[in-house]
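Some notes on the structure that comes next.
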Amino acid sequence: MKRRKLLGSAAIGVSAAAEPWGRLAFALSKGSRIDTPAAIALINRAADLHVQELNLSARRLQSTVESHLDAITAALPHAGEHERALTIAAGETAALAGWVAWDLGEYDKAGAYYNVTTECAAKAGHPPLRALALTYASYGASTPKRKLELLSQASQDVRGHGNATAAAWVLGRRAEESAAVGDETGALRALDRARFAYDFADHTSEQAWVRFVTPYRMDSLALSVYGQLGRSELTATADTAVDRLGDELPDGGVVVLGDLAAALLCGGDVEQGVYVSRQFTAASQAKPNTMGKERAAKIAAWLPDSERELAHHLRQFAS
């Protein structure tokens, strides 16, 4: 069946009900009973998928995520006292399904999943869930203004106890997009707020979907901001990131290595930049994704003439 565009509304017709997001939207209007062990198993599985996303490619993960969304959707009409918790888990799974779809270039599908995640957030009265959808959606928004609007709303949704890591991620993204439009003051202010929030964060014990916001990823966001603004802090931040990274490739390392390689090359540390560029190339081949492709093009532009073969390979990967 041809997949239908559902942006702007999760209202469904007969054919849309055959889609995972359509079935979830339909289930949100129902209610009834499921036992506690089954509910916990579904919720834990939803959390586990967000951890798996750190290691698996979008292509490998997509069918697993959509299958689990089907399982939660089937349970929701019988959720009883577990309805809110399962609705949140459903929204988190739908958001991940959207992110995976976006990574695979299925943009209408991604938007439909984000829309139904927002419905889950409203149904459950759980603003951080909407922040997840909005922040994912910000990567694919059509204009810089729209990206910043989404991130501004997301930052409002992650205030309060237990959301420190999510707040750090949202504010870091806001800093990144502010830097992209040349708003130096706004970018630096948002980055400072992100770092402050991260001082109170524990990415291993808050929402499952913030597990990727490691110290490495925070380094990556700072490098992206300083690199775009041409700030002198870029070199020192790159040095810190290299020391923190050591010989290990962190989970979600494609983005981290990409930003680090670009920062080193931009800052003039060519030898180290080429070394990290090669690490990035290996990581991006192991886990190809859209964000990696964007960084590949940037790195290729900064590589020295002596690395024409590597630059050519990265341009091919980015195309």
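The values are calculated or read from the model by the stated rules, or taken from the named source; none is laboratory data. Here the structure is a predicted model, which is why all the values come from computation and not from measurement. Positions of Cβ are backbone-derived with ideal geometry, glycine not excepted, and every protein chain shown enters the neighbour counts. Quick note on the areas: whole protein, heavy atoms, side chains included, nothing else; ligands and nucleic acids left out. Shrake-Rupley method; radii C 1.70, N 1.55, O 1.52, S 1.80 Å.
Contact map, the stretch 176-194: residues that are β-branched (Val, Ile, Thr) paired with residues that are open to solvent by less than 60 Å² (accessible area, probe 1.4 Å) and assigned to a helix (DSSP H, G or I), Cβ distance under 8 Å, separation 6+ or inter-chain. Pairs shown: Val181/Leu148. Would you call Leu61 at pLDDT below 80, within 21 Å of Trp99 (Cβ to Cβ) and either surrounded by 12 or more Cβ atoms within 10 Å (Cβ to Cβ) or among the hydrophobic types (A, V, I, L, M, F, W, C) (or both)? Taking the combined requirement at face value, the residue does not satisfy it. Summed over the stretch 129-141, residues that are closer than 15 Å to Trp209 by Cα and in contact (Cβ under 8 Å) with a residue 60 or more places away in the chain total 1. Of the residues Leu96, Leu69, Leu86, which is at pLDDT 90 or above, open to solvent by less than 20 Å² (accessible area, probe 1.4 Å) and farther than 30 Å from Gln285 by Cα? Going through Leu96, Leu69, Leu86 in turn, the sole match is Leu86.
Please state which one of Leu76, Leu42, Leu24, Leu6 is in contact with a Lys or Arg (Cβ under 7 Å, 6 or more places away or on another chain) and either modelled with pLDDT under 90 or farther than 30 Å from Gln285 by Cβ (or both).
Numbers: Leu42 fails: in contact with a Lys or Arg (Cβ under 7 Å, 6 or more places away or on another chain); Leu24 fails: in contact with a Lys or Arg (Cβ under 7 Å, 6 or more places away or on another chain); Leu6 fails: in contact with a Lys or Arg (Cβ under 7 Å, 6 or more places away or on another chain).
Selected residue: Leu76, the only one of Leu76, Leu42, Leu24, Leu6 that is in contact with a Lys or Arg (Cβ under 7 Å, 6 or more places away or on another chain) and either modelled with pLDDT under 90 or farther than 30 Å from Gln285 by Cβ (or both).
Against the conditions (1) under 26 Å from Gly140 (Cβ atoms); (2) surrounded by 24 or more Cβ atoms within 10 Å (Cβ to Cβ), Val276 satisfies every one except (1). When you scan the stretch 192-209, do you find a residue that is within 16 Å of the chain's Cα centre (by Cα), aromatic (Phe, Trp, Tyr) and assigned to a helix (DSSP H, G or I), even just one? Yes: the stretch 192-209 contains one or more residues that are within 16 Å of the chain's Cα centre (by Cα), aromatic (Phe, Trp, Tyr) and assigned to a helix (DSSP H, G or I).
Scanning the stretch 257-272 for residues that are surrounded by fewer than 24 Cβ atoms within 10 Å (Cβ to Cβ) and either at pLDDT 90 or above or closer than 13 Å to Phe317 by Cβ (or both) gives Val270, Glu271.
The residues of the stretch 151-175 that are at pLDDT below 95 and basic (Lys, Arg) amount to a single one, Arg159.
Scanning the stretch 304-318 for residues that are touching a residue at least 12 places away in the same chain (Cβ under 8 Å), within 18 Å of Ala236 (Cα to Cα) and open to solvent by 60 Å² or more (accessible area, probe 1.4 Å) turns up nothing. Scanning the stretch 163-177 for residues that are of a type outside the set (A, V, I, L, M) and open to solvent by 10 Å² or more (accessible area, probe 1.4 Å) yields Asn163, Arg174, Glu176, Glu177.
Taking residues in the stretch 277-295 that are more than 14 Å from Arg315 (Cβ to Cβ), and partners anywhere that are of a type in the set (S, T, N, Q) and open to solvent by 30 Å² or more (accessible area, probe 1.4 Å), the pairs with Cβ atoms closer than 8 Å and at least 6 places apart or on different chains are Lys287/Asn55.
For the condition free of Cβ contacts under 8 Å to residues at least 60 places away in the same chain, open to solvent by 10 Å² or more (accessible area, probe 1.4 Å) and closer than 16 Å to Val170 by Cβ, His126 qualifies. If the condition is being touching a residue at least 40 places away in the same chain (Cβ under 8 Å), part of a helix (DSSP H, G or I) and under 20 Å from Met291 (Cβ atoms), then the stretch 102-117 contributes Trp102, Asp103, Asp108, Lys109, Gly111, Tyr113.
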